[in-house]
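Report on the following structure.
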Amino acid sequence: VQLQASGGGVVQTGGSLRLSCAASGSTFSRHVMVWFRRPSGKEREFAAAVSWSGGYTTYADSVKGRFTISRDNVKNTVYLQMDSLQPEDTAVYYCAAGAAGATTSQAIKTPRSWGQGTLVTVSS
């Protein structure tokens, strides 16, 4: 599956952004979808993941309660709604897909496909 992320930009502290990740291919609904982020000068880190159906979601502690991951299997798109943004959320955000049929844990540990990244900058 090929992925194309969009929606990044500059927002003030406390603001909101919604990232989108459009996927090509007919097997989208069989892929766990994951958002990662890489703050400048730091390692890439997990942010959020959603199961095939969208019925199960999991979040990093740093974003829990502020970010919401969702997916639309008709539009082949996964979203990351980010609210109450803080300067420490500034990063390049990447969407990723696990292998078809992989579990959520497997998809987070070993993503199979990556989008190109979209920059989110939160100004203080």
Computed accessible area, K75, all protein chains, 1.4 angstrom probe, square angstrom | 140 Å²
What value, in deg cm²/dmol to 500, does the helix sum -39500 (n - 2.57) over DSSP H runs of n ≥ 4 give at 222 nm once divided by the residues of the chain?
-> -1000 deg cm²/dmol
Sum up the charges of everything whose Cβ sits under 10 Å from the Cβ of S16, counting Lys and Arg as +1 and Asp and Glu as -1, but leave S16 out.
-> +1
Multiply the residue gap between Q86 and T121 by 0.36 nm, knock off their C-alpha separation, and tell me the result in nm, one decimal place.
-> 11.7 nm
By the scheme Lys and Arg +1, Asp and Glu -1, what is the net charge of all other residues having a beta-carbon under 11 Å from that of V122?
-> -2
If R0 = 35 Å, then K64 and T27, at their Cβ-Cβ distance, give a FRET efficiency to the nearest 0.05 of 0.75
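Please find the FRET efficiency linking Q106 to V10, where r is the Cβ-Cβ separation and R0 is fixed at 41 Å, and quote it to the nearest 0.05.
0.75
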Write down the Kirkwood hydrodynamic radius of the range 19-94, to one decimal in angstroms, obtained as one divided by the mean of 1/r over all alpha carbon pairs.
-> 12.8 Å
Once phi for every residue in the range 108-121 is put through the Karplus expression 6.51 cos²θ - 1.76 cosθ + 1.60 (θ = phi - 60°), the whole-Hz ³J(HN,Hα) values, with Gly and Pro written as x, are 5, 6, 9, x, 9, 10, 10, x, 7, x, 9, 8, 10, 10
When the range 66-124 is reduced to its Cα atoms, the Kirkwood hydrodynamic radius in Å = 13.1 Å
Find out how many positive minus negative residues lie around M33, taking Lys and Arg as positive, Asp and Glu as negative, among other residues whose Cβ is under 12 Å from that of M33.
-> +2
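The values are calculated or read from the model by the stated rules, or taken from the named source; none is laboratory data. Because the structure is predicted, anything quoted here is derived from the model rather than measured. With ideal geometry, Cβ positions are generated from the backbone for all residues, glycine too; neighbour counts draw on all protein chains shown. Note: accessible area is taken over every heavy atom of the protein model, side chains too, but ligands, DNA and RNA are not part of it. Shrake-Rupley method; radii C 1.70, N 1.55, O 1.52, S 1.80 Å.
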